[in-house]
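Below is one structure; the comments refer to it alone.
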Amino acid sequence: MITKRIVLHFPHRLADQPIVYKLVKDYDLEFNILKAYIAPEKGGLLVLELSGEDKNYEQGIQYLKRIGVKVQALSQDIIRNDRRCSHCSVCVPICPAGAFLVEPLTREVHFDDSKCIACGVCVKACPLRAMEVRF
Amino acid sequence: MAKTIKEINEKIKKGEAVVVTAEEIIDIVEKQGVKKAAQKVDVVTTGTFGPMCSSGAYFNIGHAKPKIKLGGGRAYLNDVPVYAGFAAVDVYIGATALPDDDPRNKVFPGEFRYGGGHAIEDLVAGKDLKLAATAYGTDCYPRKELETLINIKDLNEAVLFNPRNSYQNYNVAVNLSDRVIYTYMGTLKPNLGNANYCSAGQLSPLLNDPCYKSIGIGTRIFLGGGVGYVVWQGTQHNPSVPRKENGTPCAPAGALAVLGDLKQMRPEWLAGTSMQGYGTTLTVGIGIPIPILNEEICQYTAVKDDDIYTQIVDYSEAYPQGKKGSLGEVDYAQLKSGKIVTQGKEVPTGNLSSYPKAVEIANILKEWIKKGDFLLSEPVAYLPGPDTGYTFNPLKERPVQK
Ligand code: SF4
Ligand code: SF4
């Protein structure tokens, strides 16, 4: 038996497919949706807690990858509280994914959450605690 | 032609003063020359928004019925211990104070989610805070316990009083060791993984008046979103460090002690801050106006990032062991470019001090002055300058006879 939290990124073309239903029916997995949204051009994002027999779990994940769903392990989902961020930039060099970028003219710090791999490093390193964990 | 503060204030009152930020003056001096700029511009505004640990606030809670004397007892604000060694109902809360039950660095690195800095932010934000106190009781102050909610609006005096703020220049912190270290300069990745600095550079107050020709005791300033004053040199004021020809020091130098009415301040300019593995602190917004009294002062304010230098210091060994030595000198333009080169390695940089917020502060102060809401004050005394021999000495440890 295995239980994992994963992030599924759907390409646009799969947004209306009964994928989760297949996971349940063909692979005998149980799921719990933690978060879901559809971005018009980018496709969809689904954060799931998925559990089942080890072998079924593996095969289910293989199925997802095969049809073109990007599967990412979720430790957490990270958002920035823009009211709290001072744009200091101390997070910029510590992010392993390069998700923060300083705009050279205004020196404002942009957070590109599509690059964020949810490692959590910035959450405790941001002095104003502007980076938050959300599910 | 020299101007006086009185003359500048007359212009401010009439709404005629020419006020620019320390960023804008750079271009004006470059294009028009210092002579013309000094005639045209009356005030240059500066700003900085960075963590400043030597910050705190004192306040008077008013007398309870029956009365209690907190002095000599213990008192806590939202579980953060406050200093109660004064009279009956005066207390002081410091930015780095932590609740007794905070795990600190027991689970390393500690998170330091809430401390004195956060309690000050909450107070300024108008939130109710829990004050708990115990005392020993006297004939005139019989009560021994107190637990109540307090709110800033009900306090008698609430005063931000920071013994050291607005450091004139600061080190660039790096880590030469092979493990992550957690410092007041932020998280430092091993083997020169990042380089953290902490200054607004060309907008920073004391870098625009490097020899303290206009900023002195009594200077009226923007403090935490309200009006405050410079009340003394900051602790560790060290004007005697090496300087460049433009007067700017190449290492941490001067500092200011500042004070102001907490009730006027805003939480966005006084932010509770958590340094992972290190502790809590307060990020303070400060803006200082510099009256352009003559060409020399004007020239100082035109300083730009390329002309301000600082030292790269190893925080894994040299800094904690108190060893002298710099890994090299860099200027703020290099730091702001996002990477510096040291020990033959390209190292990405991060600033603990927010430049966009410094710009915002300099602009707010500029607007206050232009609207005639904020007059400049004449210092009543000057800070110890570069040629006074005033220095910052290390502790001389001496054995205690047992
Ligand atoms: S460290 Fe925090 S406050 Fe600073 S820029 Fe990053 S998210 Fe914003
Ligand atoms: S969680 Fe990790 S990857 Fe995401 S922004 Fe923070 S440091 Fe970068």
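With a 1.4 Å probe and all protein chains left in place, how much accessible area per residue does chain A have, in Å²?
Working: 7600 Å² over 135 residues.
Counting only protein heavy atoms, the per-residue value for chain A is 56 Å².
Past 30 Å, Cα to Cα: identify those pairs from B:LYS11/B:LYS357; B:LYS263/B:LYS339; B:LYS67/B:LYS263; A:LYS70/B:LYS106; B:LYS130/B:LYS402; B:LYS13/B:LYS244, in the order given. Over 30 Å Cα-Cα: B:LYS263/B:LYS339; A:LYS70/B:LYS106; B:LYS130/B:LYS402; B:LYS13/B:LYS244.
Share of chain B's accessible area from carbon and sulfur, percent, 1.4 Å?
Working: 8810 of 17390 Å².
Accessible surface attributable to carbon and sulfur in chain B totals 51 percent.
Estimated at the nearest 10 Å², the accessible area of B:GLU157 is 100 Å² with a 1.4 Å probe.
Efficiency by 1/(1 + (r/R0)^6): what FRET value for B:TYR136 and B:ARG113, r their Cβ-Cβ distance, R0 = 45 Å, to the nearest 0.05? The pair B:TYR136/B:ARG113 has a calculated efficiency of 0.90.
Just from its helices, what would the mean residue ellipticity at 222 nm be for chain A, if runs of 4 or more DSSP H residues each count -39500 (n - 2.57) and the sum is divided by every residue, rounded to the nearest 500 deg cm²/dmol? Provide the component values of the computation, followed by the final result.
Values: 3 runs with 28 residues, N = 135.
Helix-only estimate at 222 nm: -6000 deg cm²/dmol.
If I compute solvent accessible area with a 1.4 Å probe over the protein chains, what percent of it on the stretch A:2-76 is carbon and sulfur? Roughly 51 percent, rounded to a whole number.
May I ask for the accessible area buried between chains B and A, both sides summed, probe 1.4 Å, to the nearest 100 Å²?
Details: alone 18190 and 8550 Å², together 24990 Å².
Buried: approximately 1800 Å² between A and B.
Measuring heavy-atom accessible area with a 1.4 angstrom probe and counting protein chains only, the residues of the stretch B:350-390 that give up at least 10 Å² relative to the chain alone are B:GLY350, B:ASN351, B:LEU352, B:SER354, B:TYR355, B:PRO356, B:LYS357. Legend: residues in the stretch B:94-139 shielded by at least 40 square angstrom of accessible surface upon adding the remaining protein chains to the isolated chain (1.4 Å probe, heavy atoms) are B:GLU111. To the nearest ten degrees, helix A:54-67 and the longest principal axis of the Cα atoms of chain A are 70 degrees apart. The separation of the stretch A:48-78 from the stretch B:139-199, counted between C-alpha centres, amounts to 43 Å. The mean number of Cβ atoms from other chains found within 10 Å of a Cβ in peptide A:99-106 is 2, as a whole number. By the combined test of axial Cα extent (at least 20 Å) and Kyte-Doolittle hydropathy (mean at least -0.5), the qualifying DSSP H helices of chain B come to B:355-370. Each Lys or Arg adds one and each Asp or Glu subtracts one; over the other residues with Cβ under 15 Å from the Cβ of B:VAL107, this totals +1.
Mean residue ellipticity at 222 nm from the helices of chain B, using -39,500 (n - 2.57) per DSSP H segment of n ≥ 4 over the full residue count, to the nearest 500 deg cm²/dmol?
Working: 7 runs with 67 residues, N = 402.
Mean residue ellipticity at 222 nm (helix-derived): -5000 deg cm²/dmol.
Phi angles across the stretch B:238-251 convert, under the Karplus curve 6.51 cos²θ - 1.76 cosθ + 1.60 with θ = phi - 60°, into 3J(HN,Hα) values of 9, x, 8, 6, x, 10, 8, 4, 7, x, 6, x, 9, 7 Hz, Gly and Pro given as x. Ordering B:TRP269, B:TRP368 by accessible surface, largest first, gives B:TRP368, B:TRP269; the 1.4 Å probe counts only protein heavy atoms, with every chain in place.
Under 14 Å from a label point set 7 Å out along the Cα-to-Cβ vector of B:TYR390, the amide N atoms of the stretch B:196-220 belong to B:210-219. Write down the accessible area per residue of chain B in Å², having rolled a 1.4 Å probe over the full set of protein chains. Counting only protein heavy atoms, the per-residue value for chain B is 43 Å².
When you look at the Cβ of every residue in B:258-271, what mean number of other chain Cβ atoms sits within 10 Å? Could you put the intermediate results ahead of the total?
Values: counts 0, 0, 0, 0, 0, 0, 0, 0, 0, 0, 3, 0, 0, 6.
Other-chain Cβ atoms within 10 Å of each residue's Cβ, averaged: 1.
Backbone N atoms of the stretch A:73-99 closer than 18 Å to the 7 Å Cα→Cβ label point of B:LYS339 belong to residues A:90-99.
What is the percent carbon and sulfur in the accessible area of the stretch A:79-133, measuring with a 1.4 Å probe over the protein chains and ignoring ligands? It would help to have the intermediate numbers written out before the result.
Working: 1480 of 2650 Å².
Summing carbon and sulfur atoms, their accessible area is 56 percent of the total for the stretch A:79-133.
Interface residues of the stretch A:73-96, defined as those losing at least 40 Å² of solvent-accessible heavy-atom surface relative to the isolated chain (probe radius 1.4 Å), are listed as A:ARG84, A:SER86, A:CYS88, A:VAL90, A:PRO93, A:ILE94.
The values are calculated or read from the model by the stated rules, or taken from the named source; none is laboratory data. These numbers come from a predicted model, not from an experiment. Cβ atoms come from the backbone with ideal geometry, glycine included; neighbour counts cover every protein chain shown. Ligands, DNA and RNA are excluded from the accessible area calculation, which covers all protein heavy atoms including side chains. Shrake-Rupley method; radii C 1.70, N 1.55, O 1.52, S 1.80 Å.
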